[in-house]
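Here is the structure we will look at.
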Amino acid sequence: MKRALTAALLVLLALPLLYAVAQLPPHGSPSSPPYAHVSPRYLERGPDEAGAENVVTDVILNYRGFDTNGEVTVIFTSLAAVLAVLLGVRKSTGEGAGVPDAVLPVSPVVSFVVRLLSPFIALFAIYVILNGHVSPGGGFQGGAIIGALAIVTTVVVGRSQAEALVPARVRRLLQVAAPLTFVCVGIAGLLMFGDYLAFPRAADLAWLRTAWLIAIEIGIGVGGAAILATIFWTMGEQE
Amino acid sequence: MSRAFDVTLLLLLIACALAVIRTKDLLGSVVIFSTYSLVMCLVWQHRGAPDVAMTEAAVGAGITTVLFLVAIGKTVRRER
């Protein structure tokens, strides 16, 4: 009875959803609303106007920079929430204080390969971050790669050694790097051009536009990596 | 050809999604879930969104999987 009711409800729910999907404009159709108004403008003038050859970067960091500013803040807030929950649990149960690294035997193959590859992974991550305004990529992607690198390094060398690479005081600053650079660039725009997150518009200031974009990319990359690594370290901490 | 590729990827996605729910072994479930992310990554790439594909590969297949593994390590491996 319960199963039949569930199935019936699911079908009832699926019907309007499928109906709505059928109403969507066909994928890639040039006459559909999202492609008719702002897209042509982005594609035609984005590279000159917004400071990056990669139009995706133009949209997420310049045209819709305010949106991305909010997203970056959300990511930081999620770290704050994770830390609040995990550190709170540890404090209340009194466990985990001074627990050594998770004693996981790492196979020599894994250890060797990670040690061999990590400089190349780091180089690739830096390339992805810095090249984000020319080719697909950018702060979010590069940051995720650095975060993954920090995690595999932790697995091989142990947490305390990996954490020692980044002093605790610096770590705080790195975790907040993404919203911080965004707000700094935003306020610079406010002071210099009259609007929060206003980018320089004049043609002779193209270098400044690009410089701001790269600054934000680096901020997002470093901040994202620090957040991912911190979540992993905090989760691994309490036994 | 392109359509056949699309359909194959989408069928694989559905198969992975079902397998994730059906698997009682959480470790296996997580591994299948990372496969789901990899297939999704191919779908993004095929739809012309390399930016999203990179994020999906790094976060979806990589970091999420690791975080799930840590969480399983802290709890139990079998679903009750």
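Take A:L10 and decide whether it is at pLDDT 80 or above, surrounded by 13 or more Cβ atoms within 10 Å (Cβ to Cβ) and either touching a His at 6+ places or on another chain (Cβ under 7 Å) or not charged (D, E, K, R) (or both).
Working: at pLDDT 80 or above: yes; surrounded by 13 or more Cβ atoms within 10 Å (Cβ to Cβ): no; either touching a His at 6+ places or on another chain (Cβ under 7 Å) or not charged (D, E, K, R) (or both): yes.
In short, no.
Could you check the stretch A:114-144 and list, in sequence order, the residues that are under 16 Å from A:G51 (Cα atoms) and facing chain B (nearest Cβ under 9 Å)? If you could, list the steps in order and put the result at the bottom.
Restricting attention to the stretch A:114-144, the residues satisfying the condition of being under 16 Å from A:G51 (Cα atoms) are A:129-139.
Passing the criteria: A:G132, A:S135, A:P136, A:G137, A:G138.
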Of the criteria (1) more than 11 Å from chain A (Cβ to nearest Cβ); (2) crowded, with 17+ Cβ neighbours inside 10 Å, which one B:A15 fails
(2)
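Return the residues of the stretch B:25-62 that are of a type in the set (V, I, T) and within 26 Å of A:H27 (Cβ to Cβ); say none if nothing qualifies. Can you show your working first?
Step one: of the stretch B:25-62, the residues of a type in the set (V, I, T) are B:30-32, B:35, B:39, B:43, B:52, B:55, B:59.
Once the filter is applied, which keeps residues that are of a type in the set (V, I, T) and within 26 Å of A:H27 (Cβ to Cβ), the stretch B:25-62 yields B:T35, B:V39, B:V43, B:V52, B:T55, B:V59.
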Given the criteria modelled with pLDDT under 85 and β-branched (V, I, T), does A:V152 qualify?
no
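Taking only the stretch B:37-59 into account, find how many residues are within 11 Å of chain A (Cβ to nearest Cβ), at negative phi and not hydrophobic (A, V, I, L, M, F, W, C).
Taking the stretch B:37-59 as the starting set, the residues that turn out to be within 11 Å of chain A (Cβ to nearest Cβ) are B:44-45, B:47-59.
Filter once more, keeping what is at negative phi: B:44-45, B:47, B:49-59.
Restricting the remaining residues to those that are not hydrophobic (A, V, I, L, M, F, W, C) gives B:45, B:47, B:50-51, B:55-56.
Looking only at that region, the number is 6.
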Selection within the stretch A:46-61 - farther than 17 Å from A:L130 by Cβ, more than 12 Å from chain B (Cβ to nearest Cβ) and touching a Leu at 6+ places or on another chain (Cβ under 9 Å):
A:A50
Which one of these is more than 14 Å from chain A (Cβ to nearest Cβ), under 23 Å from A:I151 (Cβ atoms) and either surrounded by 13 or more Cβ atoms within 10 Å (Cβ to Cβ) or out of contact with any helix residue (DSSP H, G or I) (no Cβ under 7 Å at 6 or more places or on another chain) (or both): B:G62, B:G73, B:G28?
B:G28
Can you tell me which condition A:R169 does not meet? The list is (1) more than 16 Å from the chain's Cα centre (by Cα); (2) without any contact (Cβ under 8 Å) to a residue 24 or more places away in the chain; (3) over 18 Å from A:I227 (Cα atoms), and all the others hold.
(3)
Could you tell me which numbered condition A:W212 fails, if it satisfies all but one of (1) over 24 Å from A:Y127 (Cβ atoms); (2) touching a residue at least 40 places away in the same chain (Cβ under 8 Å)?
(1)
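Quick one: in the stretch A:79-97, which of the residues that are charged (D, E, K, R) and assigned to a helix (DSSP H, G or I) is modelled with the lowest pLDDT?
To start, the set of residues in the stretch A:79-97 that are charged (D, E, K, R) comprises A:90-91, A:95.
Applying the additional criterion that residues be assigned to a helix (DSSP H, G or I) yields A:90-91.
Working: A:R90: 67, A:K91: 64.
It comes out as A:K91.
From the residues in the stretch B:37-54 that are without any contact (Cβ under 8 Å) to a residue 24 or more places away in the chain and not hydrophobic (A, V, I, L, M, F, W, C), which one is surrounded by the fewest Cβ atoms within 10 Å (Cβ to Cβ)? Give the derivation first.
The initial filter retains those residues of the stretch B:37-54 that are without any contact (Cβ under 8 Å) to a residue 24 or more places away in the chain, namely B:38, B:41, B:44-45, B:47-54.
Keeping just the survivors that are not hydrophobic (A, V, I, L, M, F, W, C) gives B:45, B:47-48, B:50-51.
Working: B:Q45: 16, B:R47: 13, B:G48: 9, B:P50: 17, B:D51: 19.
Filtering first and then ranking leaves B:G48.
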Qualifying position, being under 17 Å from the mean Cα position of the chain (by Cα), within 14 Å of another protein chain (Cβ to nearest Cβ), at pLDDT 80 or above and not in a loop (DSSP other than H, G, I, E, B), among A:G223, A:G147:
A:G147
Of the criteria (1) farther than 18 Å from A:W233 by Cα; (2) not in a helix (DSSP H, G or I), which one A:V166 fails:
(1)
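The values are calculated or read from the model by the stated rules, or taken from the named source; none is laboratory data. Computed from a prediction, not measured in an experiment: that's the story for all the values here. Using ideal geometry, Cβ is built from the backbone for each residue, glycine included, and neighbour counts are taken over all protein chains shown.
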